[in-house]
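Accompanying notes for the structure given below.
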Amino acid sequence: MDEAAEAGRSIRKARRSFVNYKTKMTSLRRPDGTITASRRAMEKVIYDFYSDLFDSHVYLPTHHLRQDEYIAPSVLPSEIRHAIKSMKNCTAPGPDRIKPEHLKSIPQVIIKTLARLFTRIGRILDEGQPCEQAGFRRGFSTIDHIHTLTRLIEVSREYKMPLCLTFIDLKKAFDTVETEAVIEALGNQGVPTQHIRMLRKL
């Protein structure tokens, strides 16, 4: 950008070329520590890594869903419109490469189709979480817990009381969650069976 400005070139064009620039992978380290620069070998390393990551290594019996008398109400198109409008722009897309900006620009007709896919599961799960759970919750912040920990440390030092803190970091926690365990947890949280069946079909 500085070079473009000094040379008198268009900063907009320089920025566009910078955004579209992609770094090519020239080599990759195998699990045994050796390096490969072969395109086919790198593809195999990546394939083996993600196959091992997402394959289930634990046997869990299929969770049988209960028969609910409660029928979940249909999601209204107005709810979908509100949810899409409240999404933040410039966030990373998922595997489908669909960004919030794409959803905000779609015709209203497609909203009715999306209404069949979106559910109120988030609200149900949020209401069932204990007050100790602050991460990944609307209206909560881990800053409150950090402040509480800081206060505990100050009090323990002031009164010379022993204090033990434990931090657990689970390796690949989100990538290694078993699907059937999630299905069972949703049922235990009171999510309607109708919604769980919809998720299982995805």
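Read-outs: derived from the displayed coordinates by stated rules, not from any lab. Keep in mind the model is a prediction, meaning the values are calculated, not measured. Note: ideal-geometry Cβ built from the backbone for every residue, glycine included; neighbour counts use all protein chains shown.
Quick notes on this one:
- FRET efficiency estimate (nearest 0.05) - Cβ-Cβ, A185 to E79, R0 25 angstrom: 0.55
- Inter-label distance, nm, simple model (7 Å from Cα along the C-beta direction), F167/S56: 3.4 nm
- Cα centroid separation - region 131-153 against region 161-197, whole Å: 18 Å
- Counting charges near S86 (Lys, Arg +1; Asp, Glu -1) among other residues having Cβ under 14 Å from its Cβ returns a value of +4.
- Whole-Hz ³J(HN,Hα) from phi, Karplus 6.51 cos²θ - 1.76 cosθ + 1.60, for region 92-103, glycine and proline x: 5, x, x, x, 7, 6, 8, 9, x, 4, 5, 5
- Taking 0.36 nm per residue of separation and subtracting the Cα-Cα distance, full extension of the segment from T26 to D48 would add 6.1 nm.
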